[in-house]
Amino acid sequence: MKASDLFVKALEQEGVEYIFGIPGEENLDLLESIRSSNIKLILTRHEQAAGFMAATYGRLTGKVGVCMSTLGPGATNLVTSAAYAQLGAMPMLMVTGQKPIKASKQGRFQVLDVVDMMRPITKYTAQIVSAERIASHIREAFRIASSERPGATHLELPEDIAVEEVNPNLIAESTIRRPIAERKAIDRAVNLIELAKSPLLLIGAAANRKMTSKMLSRFVDELKIPFVTTQLGKGVVDESNPLFLGNTTLSDGDFVHRVIEHADLIINVGHDVVEKPPFFMRSNEKQVIHINYNAAEVDQVYFPQVEVVGDIANGVWAILEQIKPQAHWDFSYFDKVKAAEEKELPHGCDDDRFPIYPQRLVADVRKAMPDDGIIALDNGVYKIWFARNYKAKKPNTVLLDNALATMGAGLPSAMAAKLVHPDRPVMAICGDGGFMMNSQELETAIRLKQHLIILILRDDAYGMIKWKQANMEFEDYGLDYGNPDFVKYVEAYGGKGHRIAAADELLPLIKSCMNEHAVHLIDVPIDYSENDKILNHELRILSSKV
């Protein structure tokens, strides 16, 4: 068969459902092979958005998301989404085209060394130099992309290789069982937990995959040990659980930092160094158990005394099998902090001031979304409010990026989530700055006939940087811009546009949009003026009194 047909057959064997991207002339043989396959091409309006969609597909399914581009400028447009998948541990394969490598007639027109370009930001990258190597390259790219720690891979398929004739030689996926932790490590962890006075469970990014949610929920329910989460650990255990003590959203000064400081043992499950450190170890006074697929990366602020390395769910189960709640465990201080936090969090949730206040925004979105509804956040100061105040009740229902933390990913991520979960409500929440970086994908969502709600939080500025600028006592400069009429903008694509003029209009409008199948965009003017006051000064004073 033709090499491009073999390439697509190998993708089908790997279970690929979608390929996101923009083909070029160097991909035309591959495009024809896709046309006659079971794989659906999702044509996007920018390669970066295609990469974000593929990465989010990988994040939600655990399977490798696939995206494609042509050579040169198409391939360079995938760089940000490659870094997004790599830092965020999302399994993804990028397929890029290339000029003929055996007999080029155009010199170096549009030709870059894409393989070398991708090397620092992928787990695996290769140029296919022979059709006979296609099957092995694809199997290896999928194996590496999905193995712990997951991430981005890349294959370059040159135009002349794609048309070669080749004998079918598919390679089947092998059966792999993840290693489990050594028994001695389990015993040491059990001993530390039993001896602790005030143990605390911390759930991080790596715990948010491979179905660890069920086992960690059992751990919390049976041992009654309170827990906190990082931003990428949100929702692994239901955050409406009374033992949930908060999300490590801010660097310091929040209520959650009081319980971290007080705990004499932290059971750190799924720690990933790409996230801001949820705590610092400054001496051996605080004991730390590291439970993860991989060994700890030790530095001056993280040096766990016990490492339980292997499949996370199995490690948690093995510990749970050997331990019961201890009579000497004392969580009274944690209870005190929890009470103070629960008193503070509702502040501003019913504030009628307009433009809308972040606390009111978060509260109304939480009221509107069902437990399994998915919100996909772009990157901006509002992400802090949602991470801190929005209680996630199921895994992967709050899609935020606390790794690369790039702008522009919110809308494409929501679109991918809707493809994976077509029967669940999905909402993209974007600042006006981040939204405009990939706003052209409105056309893609409308072409796909998706039912999607997009909140545009409009402050006509790069709000997070503006906040930081003021907080660092710089002059207000260089961060304000103009915006289109967002209602007319989405309507020009064929979607439904809405704008609120009062805070109490948002919740009923969201509910109304949920009942009408369309791409809905809601222009939400927002007021960040008290961010610094609330998140820095007042919060530190309040939490320090606990």
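The values are calculated or read from the model by the stated rules, or taken from the named source; none is laboratory data. Source: prediction; values computed, not measured. With ideal geometry, Cβ positions are generated from the backbone for all residues, glycine too; neighbour counts draw on all protein chains shown.
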Kindly check whether there is at least one residue in region 57-69 that is without any contact (Cβ under 8 Å) to a residue 40 or more places away in the chain, farther than 30 Å from THR212 by Cβ and either among the aliphatic types (A, V, I, L, M) or assigned by TED's automatic domain parsing to the domain that holds ALA145 (or both).
no
Taking into account only those residues within region 229-244 that are aliphatic (A, V, I, L, M) and crowded, with 24+ Cβ neighbours inside 10 Å, which is farthest from SER213 (Cα to Cα)?
LEU232
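Conditions tested, residue by residue: (1) surrounded by 12 or more Cβ atoms within 10 Å (Cβ to Cβ); (2) at pLDDT 90 or above; (3) over 23 Å from SER439 (Cβ atoms).
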| residue | (1), (2), (3) |
| --- | --- |
| ASP504 | yes, yes, yes |
| PRO508 | yes, yes, yes |
| CYS513 | yes, yes, no |
| GLU516 | no, yes, no |
| VAL519 | yes, yes, no |
| ASP523 | yes, yes, no |
| ILE526 | yes, yes, no |
| LEU539 | yes, no, yes |
| SER544 | no, no, yes |
Residue by residue through region 37-60, note down the ones that are within 19 Å of PRO150 (Cα to Cα) and surrounded by fewer than 24 Cβ atoms within 10 Å (Cβ to Cβ).
LEU60
Could you identify the single residue in SER240, SER198 that is small (Gly, Ala, Ser) and in contact with a strand residue (DSSP E or B) (Cβ under 8 Å, 6 or more places away or on another chain)?
SER198
Could you go through region 446-469 and let me know if any residue there is surrounded by 12 or more Cβ atoms within 10 Å (Cβ to Cβ), in a helix (DSSP H, G or I) and at pLDDT 95 or above.
yes
Those residues that are within 21 Å of ASP221 (Cβ to Cβ), of a type outside the set (Gly, Ala, Ser) and without any contact (Cβ under 8 Å) to a residue 40 or more places away in the chain, I need them from region 325-349; list them, please.
ASP335, GLU342
Among (1) surrounded by fewer than 24 Cβ atoms within 10 Å (Cβ to Cβ); (2) outside any helix (DSSP H, G or I), the one test that THR153 misses
(1)
Consider GLU148 against the criteria (1) in contact (Cβ under 8 Å) with a residue 40 or more places away in the chain; (2) surrounded by fewer than 20 Cβ atoms within 10 Å (Cβ to Cβ); (3) more than 23 Å from the chain's Cα centre (by Cα): it satisfies all of them except one. Which criterion is unmet?
(3)
Return only the number of the condition from (1) modelled with pLDDT of 95 or more; (2) surrounded by fewer than 23 Cβ atoms within 10 Å (Cβ to Cβ); (3) touching a Lys or Arg at 6+ places or on another chain (Cβ under 6 Å) that LEU479 does not satisfy.
(1)
If a residue must be more than 14 Å from the chain's Cα centre (by Cα) and among the hydroxyl-bearing types (Ser, Thr, Tyr), how many such residues does region 397-442 contain?
1
Could you tell me which residue of region 75-122 is surrounded by the fewest Cβ atoms within 10 Å (Cβ to Cβ), considering only residues that are part of a loop (DSSP other than H, G, I, E, B) and of a type in the set (Ser, Thr, Tyr)?
SER104
Taking region 496-546 and keeping residues of a type in the set (D, E, K, R) and assigned to a loop (DSSP other than H, G, I, E, B) leaves GLU516, ASP527, GLU530, LYS545
